[in-house]
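Peer 1: Below is the structure I would like to discuss, written out as C-alpha cells.
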Amino acid sequence: MAKKLRMTFVNTVDGKRKTIYLNDPRVDLTSTEVQSAMDSFIGVLVPAGYEKDNATIVDTTSNELFDLIN
C-alpha cells in the first residue's frame, strides 16, 4: 500500500480547486510543515489567487487489470 500527501487549494473568486500529490510523505510530517510548504507553492506551482484548503495523507492500493507490454 502506497501513501500520498494530497494538498488541495481553492480559488477564492470562482471556487475552482487545484490538487498536488506527493508520493511517500515522511511518517513524521507535521501540519505546520505541510502548511508552510503549501504557502510556498502559491504563485509557483499553484496560480496566485488560490489559498490552501486542506491536506490529507491517502493510502492507495493498486489492482492491475492487465499489462500488455512488459
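Peer 1: For the chain, what is the convex hull volume of the alpha-carbon atoms per residue, in Å³?
Peer 2: 135 Å³
Peer 1: Using alpha carbon centroids, what distance separates region 23-50 and region 1-19, in Å?
Peer 2: One Cα centre to the other: 10 Å.
Peer 1: So for the chain, averaging the separation of alpha carbon pairs under 8 Å that are six or more residues apart and normalising by length, what relative contact order in percent results?
Peer 2: Worked out over the chain, it gives 47 percent.
Peer 1: Skip the ligands, DNA and RNA, and give the accessible area per residue of the chain with a 1.4 Å probe, whole Å².
Peer 2: Values: 5460 Å² over 70 residues.
Normalised by residue count, the accessible surface of the chain is 78 Å².
Peer 1: What part of the accessible area of the chain, given as a whole %, is carbon or sulfur when the probe is 1.4 angstrom?
Peer 2: 51 percent
Peer 1: Tally the DSSP beta bridges in region 3-70 and give the antiparallel ones as a percent, rounded to 5.
Peer 2: Antiparallel bridges: around 95 percent, rounded to the nearest 5.
Peer 1: Moving on. Per-residue ellipticity at 222 nm for the chain, helices alone: DSSP H runs ≥ 4 residues times -39500 (n - 2.57), over residue total, nearest 500 deg cm²/dmol?
Peer 2: Computed mean residue ellipticity for the chain: -5000 deg cm²/dmol.
Peer 1: Further question on the same structure: Identify, among LEU68, SER36, VAL46, the residue whose Cα sits farthest towards the positive end of the charge dipole of the chain, taking +1 on the Cβ of Lys and Arg and -1 on the Cβ of Asp and Glu, with the dipole about the Cα centre.
Peer 2: Towards the positive end, the residue furthest out is VAL46.
Peer 1: For LYS52, give me every one of the aspartates and glutamates with a C-alpha distance below 20 angstrom, ignoring sequence neighbours fewer than eight places off in its own chain.
Peer 2: Answer for LYS52, where 20 Å is the Cα cut-off: ASP14, GLU33, ASP39, listed by chain and number.
Peer 1: Suppose every Lys and Arg Cβ carries +1 and every Asp and Glu Cβ carries -1, with no other charges. What dipole size does the chain come out with about its Cα centre, to the nearest 20 debye?
Peer 2: 160 debye
The values are calculated or read from the model by the stated rules, or taken from the named source; none is laboratory data. A quick note: this is a predicted structure, and the numbers were derived from the prediction, not measured. Don't worry about glycine lacking a Cβ; one is built from the backbone with ideal geometry, like all the others, and counts go over all protein chains shown. Protein only, heavy atoms only, side chains kept; ligands, DNA and RNA dropped before computing areas. Shrake-Rupley method; radii C 1.70, N 1.55, O 1.52, S 1.80 Å.
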